[in-house]
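The values are calculated or read from the model by the stated rules, or taken from the named source; none is laboratory data. From a predicted model like this one, the values you see are computed outputs, not experimental measurements. For neighbour counting, all protein chains shown are included, and Cβ atoms are generated from backbone atoms with ideal geometry for every residue, glycine included. These area figures cover heavy atoms from the full protein model, side chains too; ligands, DNA and RNA do not enter into them. Shrake-Rupley method; radii C 1.70, N 1.55, O 1.52, S 1.80 Å.
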Amino acid sequence: MKRFALVFLASLWPVLAVADPAQTEPASRTWIADVTIISPENLNHVETGSVLIEGGRIARVERKAGTKTPAGAVVVSGKGLFLIPGLIDSHVHLASIPGMNFDQMGSPSKMAQEYYRQLPRSYLYYGYTTLVDLAVVDHQVLTDFRNAPLHPDLYDCGGSLPFANGYPMSFLPAATRFKFFPNFIYDPAQASAIPAGYEPEDHTPEADVASVKRSGGVCVKTYFEHGFGRDRNLPVMGPDVLARIRKAATQNGLVLMIHANSFEAQKFGVNGNVDVLAHGMWNWGDLERNTELPADIKQLLDQIAARKIGYQPTIQVMQGLAAYFDPQYLETPAIPKLVPKEMLEWFNSPDGKWFKKELDDDGTPDAAMLRGIEQGPLRRVRQVVAYLADKDADFLFGTDTPSAPTYGNLPGLNGYLEMEQLRKAGLSLERIFRAATINNAQKFRIDSELGTIEPGKVANLVLLKQSPLKTVDAYDSIVTVWVHGKPVSRESLAIHSAK
Ligand SMILES: [Zn+2]
């Protein structure tokens, strides 16, 4: 009885403490007043009201007009404006520099350093206050990111789990690929193609998942990809390996994500009971000649929707390739605000367009290349997304920035462009909003802290001039971003304002 009373008192204490403003009034309180509050748990009753931020958290949400300003609060008028939770991009690769291959990144230039310094701010510039990095290859970049004075919250999947010599470790020279992917999965059938010193027992699914867990990861990322172009016969894992990864991820409380962009790969992932498919399905294999969505694919999509498997369309992967054939892309007005001047000059130079030659090695005219992407993979992924939307699938917002060594996937901007692409594919504004807030928060189990505007959650908030339920342009009408309660004006996040 006594013990119960003590527990009761202890649990009541914080409530009493909050109720007594004289005792707890912190140095800084912010009252965002008369603002339209748009939060995913309350989309049927969007109201004008006020939000109190205290100690980096949301302390109070009043969904009505005319509430008295709390004592000592700095008032921010939200009149005519819209307040949303900070956006979550659950598919980024922070260490990869857009437009550069591994070798170019390997020789860190002043340009690269400046890019990394701006990186967290470029995400915030577009309202992204939370990111998930799916494949850590360079811990220092993530450490620097987390140590930056102002940065989005960052979660990661630790080192990813490619199948030995498979995608994407195949992009690196045989001598270094094992070093960059220490969580690769050992394949006894390839023993002669795995350098000495890597023991099978250290690279089992169980050992690799344990290593992700030890490094602080929240998710496990693996791959099913036969490859493309010159490397189209890469080794892939079998269902037995995926089953072991699945089991180990569950035991460690980690979210299981698979890189899968083909019908075959997504079927493999669904059969293996993954939590998240990290791409849209733009490769239909033998079914690619169909202009309508084939019945076999529909059947698989029905399962994806019914089982609420997280789905990241990442349409910008395709647009990122198209950017090299679109003369307008590098003219996008926001780009000079997001990347260093020298880097933009390099993108515009013949040297900086090296990747274009890889995409188009026989000199096909730009317009024909664009048409090919538009009528092929882009058309297919849009059909898939529209079908899944109709079936109420669990869309997760993820950009895969950058998805390839392409300058077509720039931090922050790529999120905005992905939203435009999702809209174009037929996703409603409400679905896009939910995908980038609550859906991501729930799937990555951070919804007790993030994803809505509710008391107790972290004060990661974005103030907009337009409503995201009216137009996708709203996501480019940011006035202020709050990062753990600290207000930052959008323009101060542009590269030339950095100091
Ligand atoms: Zn990726």
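Using the Cα centre of the range 70-143 as origin and beta-carbon charges of +1 (Lys, Arg) and -1 (Asp, Glu), tell me which of VAL132, PRO120, SER109 is placed farthest towards the positive end of the dipole.
Value computed over the given set: PRO120.
Could you check the simple spin-label distance between GLN299 and THR332, using points 7 Å along Cα→Cβ, in nm with one decimal?
Each label point is offset 7 Å from its Cα along the Cβ direction, giving 3.9 nm.
Heavy atoms of the protein only, probe of 1.4 Å, neighbouring chains included. What is the accessible area of HIS45 in Å², nearest 10?
Roll a 1.4 Å probe over it and HIS45 shows about 110 Å².
With a 1.4 Å probe and every protein chain left in place, work out the accessible area per residue of the chain in Å², rounded to a whole number.
Numbers: 21710 Å² over 499 residues.
With all protein chains present, the chain gives 44 Å² per residue.
Output the Cα-based Rg and Dmax of the range 386-447 in Å, rounding Rg to one decimal and Dmax to a whole number.
In order Rg, Dmax, the Cα atoms of the range 386-447 give 12.3, 34 Å.
Treating only the Cα positions of the chain as identical point scatterers, give the base-10 log of I(q)/I(0) from the Debye formula at each q in 0.07, 0.08, 0.09, 0.13 Å⁻¹.
Summing over Cα pairs of the chain leads to -0.39, -0.51, -0.65, -1.30.
Just from the alpha-carbon atoms, what are the Rg and Dmax of the range 245-303 in angstroms?
12.9, 43
Rank by packing, highest mean first: peptides 406-416, 353-363, with packing defined as the count of other Cβ atoms within 10 Å averaged across residues.
Values: 406-416: 26.8, 353-363: 13.3.
Highest mean packing first, the order is 406-416, 353-363.
For the range 152-311, restrict the atom set to alpha-carbon positions and state the Rg and Dmax in Å.
16.0, 50
For the chain, what does the helix formula give at 222 nm: sum of -39500 (n - 2.57) over DSSP H segments with n ≥ 4, over the residue count, nearest 500 deg cm²/dmol?
Details: 19 runs with 167 residues, N = 499.
Result for the chain: -9500 deg cm²/dmol, rounded to the nearest 500.
Please work out the C-alpha center-to-center distance from the range 27-68 to the range 278-300 and express it in whole Å.
For the range 27-68 versus the range 278-300, the Cα centre distance is 44 Å.
Fully extended, how many nm does the chain gain between PHE102 and THR364 (0.36 nm per residue separation, minus their Cα-Cα distance)? Don't jump to the answer; show the numbers that get you there.
On the way: separation 262, 0.36 × 262 = 94.32 nm, distance 2.62 nm.
That pair, PHE102 and THR364, stretches by 91.7 nm at full extension.
Taking the Cβ of TYR407 as the centre, find all other residues whose Cβ is under 11 Å away and add up their charges (Lys, Arg: +1; Asp, Glu: -1). Mind dumping the intermediate values first?
Details: positive: LYS353, LYS356; negative: none.
Value of the local net charge: +2.
For the range 201-274, take N as its residue count and report Rg(C-alpha) divided by 2.2 N^0.38 Å.
Working: Rg = 12.7 Å, N = 74, 2.2 N^0.38 = 11.3 Å.
Here the Cα radius of gyration is 1.12 times the empirical estimate.
Of GLN383, CYS157, ASN283, which is farthest along the charge dipole of the chain in the positive direction, counting Lys and Arg as +1 and Asp and Glu as -1 at C-beta?
About the Cα centre, the residue reaching furthest to the positive side is CYS157.
Leaving out ligands, DNA and RNA, what percent of the accessible area of the chain is carbon and sulfur, probe 1.4 Å?
Details: 11580 of 21710 Å².
Reported share for carbon and sulfur atoms: 53 percent.
Label-point separation (nm) for ARG63 and ARG117, each offset 7 Å from Cα along Cα-to-Cβ?
4.5 nm
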